[in-house]
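Trainee: Here it is: the structure, laid out below.
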Amino acid sequence: MIRSRTGGPGVARALRPAEWPRLALMAPATALLIAMVAVPVAMLAWFSLLSGPGVSGAVTGREWAVMLDRPQLYGGLLLRSLALGLGATALCILIAWPTAWALSRHVAPRTRSAILALLIIPHLTSALLLIYAMYVLIAPGGPMMTALAALGLAESRDTILFTRWAVLLMLTYMYLPFMVMALFAAIERIEPTVLDAARSLGASGWARFRHIVLPMTLPGLMTGLVIVFTPAAGSFLEARILGGANGMMFGTLIAEQISRANNQPRAAAMAITLLAVILLLLGVFRLLAMRAFPGAMRRPGAHGSGGWGG
Amino acid sequence: MAELELDRVGMSYGNTRVLHDVSLQVPDGRFHAVVGPSGSGKTSALRLLAGFARPDAGQVRIGGHDVGALPPERRDLGIVFQNYALFPHMDIAGNVGFGLRMRGAGRAEIRRRTGEMLELVGLGGLGARYPDELSGGQQQRVALARALVIRPKALLLDEPLSALDRKIRQEMQLELRRIQREAGVTAVIVTHDQEEALSLGDRLTVLDAGRVCQEGPPFEVYNHPASVFVAGFLGNANLFAGRVRAAAEGRVALKDAEAVGLHLPPGTAEGAAVTLCIRPERWRLAADAEGPGLALAGPIRHLHQTGETGNGAIDTPLGPVAFTVLSPALGDLATGKPVTLHATPRDIQVL
Amino acid sequence: MKAPIALAGLVAGAALLAAPAGADLPFEGQTLTVLNWNGYGSDTELALRGFEERTGATVRHVYHSGGEELRQILRSGGIGQIDVALPNPTYILQMVEEGMLQPVDPDLLDNMSKIAPNFLEVDDLYSDGALYGVPWVWGSTGLTYNTEAFPEPPTSWLVLWDEANRGRVAFMDSPIEAVMLAALHLGQDPHDPDLDAVRSALEELHENVQTYWGSSDDFNRAIITGAVTVGNYWSGNAGSLIAEGHPVGYVIPDEGAAGWLSTWVIVRDAPSSDLAHAWIDWMISTEFQLGWAEDPEAGAPAPANAEAAALLSDAARGRVQAYGEHAERLSIMQSLTPEQQQVYTDLLAEVKSGL
């Protein structure tokens, strides 16, 4: 966040010489931000107003009209993608919290590094490889179904392959390490004595989670939410391979508009819609978090403490 | 408020025995200091009282009841931690009111008692601030208020002042004492700082290597240390090894000097090895070596003034000997000038 | 640059001297430049040696990795350098409009008469009545099934719609193939069907589909693991599964099937138009087509030369799926207008969404 320290609004003000180094240091980041974020988003917005196919059509807004004209298809796919993204995010949180907790509090540092490495290494290979590995794992007659069959829990020819459960499983697996990392970093910042203090003041296990761990890991959780929910809601490769006939997602349609219909304007309109809805949802989550724990989402030292001396 | 008791407790971490047969008794409303070097087991003793650890042997009693089966959250003790352990995501009022919330107190009651407690610790009006907006001393007061507001059976303080700088630490010692008295709460402070232990406790216990070395009122322990360790650990001490020459006359031979008229412990035999302990402030500057006791002469090795007192040392055949005198007396002294230090038998502790 | 030219002249001269008396090779010392996929028939030993023996000319290859790149190479200096290329016929019309191609003179091709007649009926090969593309090899998207699940080979696409096969169908994730297949199933013109009827048929089919496959890997994995038992699949890939001994069968159903052609074209300003014609004539000759298809390692599609197809061994015929009756029931995929691409894409997307 950029904090303004200038005077009244609208007052033009000469830069003091002392500010030049600060501006110079910020320049590369600013340029990068403009080049990598502002320009592409502006181009997306511009493309979305053109008439497809191609990007040389007239400015008509037709592709938006087409979208709004078929709320059942576009809205339905959007809801499906969001639901899947939220489901995967929720599962990631449920699995990552105890995992991160155990890693931080109950595992020796050397073992911990090994476990974290094991968690991450598969994700350094291509996503496609992971998806096909999951395919083999859950295919009928594959290792997982055979194991379940041996336990008498399922027929070995049964499978969740080609269902949305498979997609949910894959997305959860895909993004779990990111959530573990985000929560692990947050949990590491909780001093053990803070929990002891809460305990001595009468807080039971659940109360300590509810009043101390949850709010203190909330910033990490929010970070995890952004890095898991955003790509999960926009994903299509996982659904395309593992979702079978149920694998059509909002992201699939965006990709097809480009690769098959050469309709970048329609794809741009859809991408902007997805982006806006995701940002809106993330904003709502943030707001809810701030409501529930006003102090937890505070930026430390926002009121001038910290820095030199004290 | 209640009496706190450790009754011959033992405790181990894995194969390491950290407490041996340690007993501690803190009567209702009293302030007890547990002091010892790091690794002495003093923090383990506190964790036993708090319930974060279980003894292998012996009993922990609060108000006369064995609390071995009670987890920390049900012991009703207020604990103040070395790093304050404030909840960074709660404002000061939230921090102080937390224990009351956990006890299901109503909103109005929480607000009232939190306010009262913040007044007591001198932080009235700061309830809406967050911990990272307060100074170290202020945070310490919040931690204290948070522990006291639940009207605990006792207050446990784990090195509570060690993170503060010296001046604030001395202020806070007085504050701590005042607040403890006003609240009338039984308190145990664990510290490695002998000065803190001496000035805060009604009584103190010296721990070393998991065992109790000595227990008693602070100045009793200070003036009559039971061992060389206690003498050395509590305050500064000049220690001289010697051998009893004549028990009846209280005559002890040192390496290159002799002390006479000493009060030897009853039953000390002729020829026994003893240690003489003389606190620096017990020396008097003497013109000549006269009268019973011990006199040592030598040139002044160094001198420095610390406010109302001055510290120095002289070179003697027994090695450097530290002394403390009131500032006015420093005027006549200078480095290199030969002086004689004299201690009467009353000033000499025979160990 | 001088030395290589001198060297080339020297080599050519030497070849001329070494040539047996009476050998009259028409293109001795010339070079033909071919633009093609890497490893797609034209750069085999058979193709190069055979052409040199017949014409005395050597062959140079320039490789591309798809239709877009092929056109890009021609745009950026390929014209005037490259003699022949092998685009998908759906690109021919656009390439003619861009002035990239010159017509082929069928009278210069002795083997033209051996091309199966139905392949010459494809509209995309012609522009203003002139022939631009010469059919070379072909493939189909037929009914592929697990022989254990279907001991009797199915003969109709109806099997995909059969309620008994709910959740057992792998359907190709391609708008044009989907529309053509549904049209054939409905008895309509696969190149211009009633799209509302097609949509209804595909929506009905969606109930049976287990997965919309996107790559041959997807289909192979699904049918081998038993996740599906039937679907539409490319002839060449199905032939490979059969050749590898998997319990798989392949048929062109009675309604017909979508198919594709690879066609040779001659680039405008080709350095030697005559040599280009000679190359194409060799490529469609019975000798080359038979030789390529019979090589089990070469991965050849089915030959467009009907004489070669008739002479194939049973093993090769099964591998390349070159059955005469298959060729007769094919509807070759034709180029779509951008509007059609949009409509077909949206149609299949809506079907797949289930919404």
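Trainee: Go through A:Phe47, C:Phe150, C:Phe119 and list them by solvent-accessible area, largest first, probe radius 1.4 Å.
Mentor: A:Phe47, C:Phe150, C:Phe119
Trainee: For peptide C:339-346, how many partner chain Cβ atoms fall within 10 Å of a residue's Cβ, on average?
Mentor: Per-residue shielding by partner chains comes out at 5.
Trainee: Mind giving me the FRET efficiency for C:Asp107 and C:Arg49? R0 is 25 Å, r the Cβ-Cβ distance, nearest 0.05 is fine.
Mentor: Efficiency computed from Cβ-Cβ geometry: 0.40.
Trainee: Something else about it: For the stretch B:24-79 and the stretch C:81-118, what is the separation of their C-alpha centers, rounded to whole Å?
Mentor: After rounding, the separation between the Cα centres reads 96 Å.
Trainee: Working from the pairwise distances between different alpha carbons, so that the mean of 1/r is found and then inverted, what is the stretch C:129-243's Kirkwood radius in Å?
Mentor: 15.0
Trainee: Regarding chain A, what's the average projected area of the Cα-atom convex hull, expressed in nm²?
Mentor: 24.1
Trainee: Follow-up question, since we're still on this one. Between chains C and A, what is the buried accessible area summed over both chains (1.4 Å probe, protein heavy atoms, nearest 100 Å²)?
Mentor: 2300
Trainee: Per residue of B:88-94, what is the mean number of Cβ atoms on other protein chains within 10 angstrom of that residue's Cβ?
Mentor: 6
Trainee: Shifting gears a bit: Please list, ordered by chain and number, the residues whose modelled amide H lies under 5 Å from the amide H of B:Leu156; skip anything fewer than 5 residues away on the same chain.
Mentor: For B:Leu156, the qualifying residues are B:Gly78, B:Ile79, B:Val80, B:Val188.
Trainee: Further question on the same structure: Report the semi-axes of the equivalent ellipsoid for the stretch C:199-355 in whole Å, largest first, where each axis is √(5λ) for an eigenvalue λ of the Cα gyration tensor.
Mentor: 33, 23, 13
Trainee: Right, something else. Placing unit charges on C-beta atoms (Lys and Arg positive, Asp and Glu negative, everything else neutral), compute the dipole magnitude of chain B about its Cα centre in debye, rounded to 20.
Mentor: 840
Trainee: Hey, another quick one. Once you have all Cα-Cα distances for the stretch C:67-211, histogram them in 10 Å bins from zero and send the whole-percent values.
Mentor: Spelled out per bin, shortest first, that is 9, 29, 26, 22, 13, 2.
Trainee: At a probe size of 1.4 Å, how large is the accessible area of A:Ile258, to the nearest 10 Å²?
Mentor: Its heavy atoms expose roughly 80 Å² to the probe.
Trainee: Gain in length, B:Arg74 to B:Arg245, computed as 0.36 nm per residue apart minus the alpha-carbon separation, to one decimal in nm?
Mentor: The B:Arg74-B:Arg245 span can extend by a further 55.6 nm.
Trainee: Over 17 Å apart: what share of the alpha carbon pairs of the stretch B:88-183 falls there, rounded to a whole percent?
Mentor: For the stretch B:88-183, the share of Cα pairs beyond 17 Å comes to 48 percent.
Trainee: Let me test this: with uniform point scatterers at the alpha carbons of the protein assembly as shown, what is the Debye-based log₁₀ I(q)/I(0) at q = 0.05, 0.06, 0.09 1/Å?
Mentor: Ignoring solvent entirely, the Cα scatterers give -0.59, -0.72, -1.10.
Trainee: Show me, for the stretch B:259-265, the HN-Hα J-couplings you get by feeding each phi into the Karplus relation (A = 6.51, B = -1.76, C = 1.60, θ = phi - 60°), rounded to Hz, glycine and proline as x.
Mentor: Karplus values, whole Hz, x for Gly and Pro: 10, 10, x, 6, 8, 7, x.
Trainee: Which is the longest part of chain A that has none of the trypsin sites (Lys or Arg not before Pro) sitting in a DSSP loop with at most 15 other Cβ atoms within 10 Å?
Mentor: A:14-156
Trainee: Let me ask something else. Below 13 angstrom from the Cβ of C:Thr155, what's the summed charge of the other residues (Lys, Arg +1; Asp, Glu -1)?
Mentor: -4
Trainee: Let me ask something else about it. So, counting K/R as plus one and D/E as minus one, what does the shell of residues with Cβ under 13 Å around C:Ile280 add up to?
Mentor: With Lys, Arg at +1 and Asp, Glu at -1, the neighbours total -4.
Trainee: Please give the peptides A:244-256, A:143-155, A:222-234, A:270-282 ranked by average Cβ packing (other Cβ atoms within 10 Å per residue), highest first, as a rough proxy for protection.
Mentor: Peptide ranking by packing, descending: A:244-256, A:222-234, A:270-282, A:143-155.
Trainee: Using a 1.4 Å probe on protein heavy atoms only, how many Å² of accessible area do A and B hide from each other, summed over both chains and rounded to 100?
Mentor: Buried area between the two chains comes out at roughly 2200 Å².
Trainee: Further question on the same structure: How many nm separate the modelled label positions at B:Asp165 and A:Ala150, each set 7 Å beyond the Cα in the direction of the Cβ?
Mentor: Simple spin-label model gives 6.8 nm for this pair.
Trainee: The stretch B:254-323: which trypsin sites (Lys or Arg not before Pro) are DSSP loop and have at most 16 other beta-carbon atoms within 10 angstrom?
Mentor: When the trypsin sites (Lys or Arg not before Pro) of the stretch B:254-323 are filtered for loop state and at most 16 Cβ neighbours within 10 Å, B:Lys255 remain.
Trainee: Just to confirm the filter: which GluC sites (Glu not before Pro) across the stretch C:270-330 are DSSP coil and have at most 14 other Cβ within 10 angstrom of their Cβ?
Mentor: C:Glu297
Trainee: I would also like to ask the following. Where the eigenvalues come from the Cα gyration tensor of chain B, what are the semi-axes √(5λ) of the equivalent ellipsoid, largest first, in whole Å?
Mentor: Values for chain B, descending: 46, 25, 15 Å.
Trainee: Starting from the Cα-Cα distance between C:Glu69 and C:Gln81, subtract it from 0.36 nm times their residue separation and give me the gain in nm to one decimal.
Mentor: Taking 0.36 nm per residue and subtracting the Cα distance, the gain is 2.7 nm.
Trainee: Further question on the same structure: Given A:Tyr175, A:Leu94, A:Ala268, which one lies farthest toward the positive end of the charge dipole of the protein assembly as shown, if we put +1 on the Cβ of every Lys and Arg and -1 on the Cβ of every Asp and Glu?
Mentor: Result: A:Leu94, furthest along the dipole toward the positive end.
Trainee: Suppose every Lys and Arg Cβ carries +1 and every Asp and Glu Cβ carries -1, with no other charges. What dipole size does the protein assembly as shown come out with about its Cα centre, to the nearest 20 debye?
Mentor: 7580
Trainee: Determine the gain in length on full extension of the stretch B:Thr344-B:Glu109; use 0.36 nm per residue of separation and subtract their C-alpha separation, reporting nm with one decimal.
Mentor: 78.5 nm
Trainee: Specify, per residue and in Å³, the volume enclosed by the convex hull of the alpha carbon atoms belonging to chain C.
Mentor: That works out to 147 Å³ per residue.
Trainee: Just how much of B:Thr335 is accessible, in Å², when a 1.4 Å probe is used and the result is rounded to the nearest 10?
Mentor: 100
Trainee: Order of C:174-187, C:241-254 by packing, highest average Cβ count within 10 Å first?
Mentor: With the highest mean Cβ count within 10 Å placed first, the list reads C:174-187, C:241-254.
Trainee: Give me the angle, in degrees from 0 to 90, between the Cα long axis of helix B:136-148 and the longest principal axis of the Cα atoms of chain B, rounded to the nearest 10.
Mentor: 60
Trainee: If you take the beta carbon distance between B:His302 and A:Glu188 as r and set R0 to 56 Å, what does 1/(1 + (r/R0)^6) give as a FRET efficiency, to the nearest 0.05?
Mentor: That gives a FRET efficiency of 0.70.
Trainee: What Rg and what Dmax come out for the stretch C:144-185 when only alpha-carbon atoms are used, in angstroms?
Mentor: Cα radius of gyration and Dmax of the stretch C:144-185 are 11.1, 30 Å respectively.
Trainee: Then there's this: Would you mind getting me the FRET efficiency between A:Leu124 and C:Ser313? Use the beta-carbon distance for r and R0 = 60 Å, nearest 0.05.
Mentor: The calculated FRET efficiency here is 0.80.
Trainee: Let me ask something additional. Please give the average number of partner chain Cβ atoms lying within 10 Å of the Cβ of each residue in C:209-215, rounded to a whole number.
Mentor: So the per-residue partner count for this stretch is 5.
Trainee: Keeping all protein chains in place, calculate the accessible area per residue for the protein assembly as shown (probe 1.4 angstrom), answer in Å².
Mentor: Per-residue accessible area for the protein assembly as shown comes out at 46 Å².
Trainee: Quick one: net charge of B:Leu120's neighbours, Cβ under 14 Å, K/R +1, D/E -1?
Mentor: +4
Trainee: Between C:Asn165, C:Ser240, C:Gln81, whose Cα lies farthest towards the positive end of the dipole of chain C when Lys and Arg beta carbons carry +1 and Asp and Glu beta carbons carry -1, centred on the Cα centre?
Mentor: Ranked along the dipole, the leading option is C:Gln81.
Trainee: Still on this structure, I have one more. Along Cα→Cβ, 7 Å out, is where each label goes; now give me the distance between the ones at A:Ala18 and B:Leu326 in nm to one decimal.
Mentor: That separation, rounded to one decimal, is 5.2 nm.
Trainee: Top to bottom by accessible area (1.4 Å), largest first, where do B:Asp202, A:Asp158 land?
Mentor: Result, largest first: A:Asp158, B:Asp202.
Trainee: How large is the accessible surface of C:Ile224 in square angstrom, using a 1.4 angstrom probe and rounding to the nearest 10?
Mentor: Number for this one is 90 Å².
Trainee: Please grab the % of Cα pairs in the stretch A:105-221 that end up more than 22 Å from each other.
Mentor: For the stretch A:105-221, the fraction of Cα-Cα distances above 22 Å is 55 percent.
The values are calculated or read from the model by the stated rules, or taken from the named source; none is laboratory data. Predicted model, so just to flag it, every value in this text is computed and none were measured. Neighbour counts run over all protein chains shown; Cβ positions are idealised from the backbone, glycine included. For the accessible areas, the whole protein counts, side chains as well, though only heavy atoms, and no ligand, DNA or RNA atoms are used. Shrake-Rupley method; radii C 1.70, N 1.55, O 1.52, S 1.80 Å.
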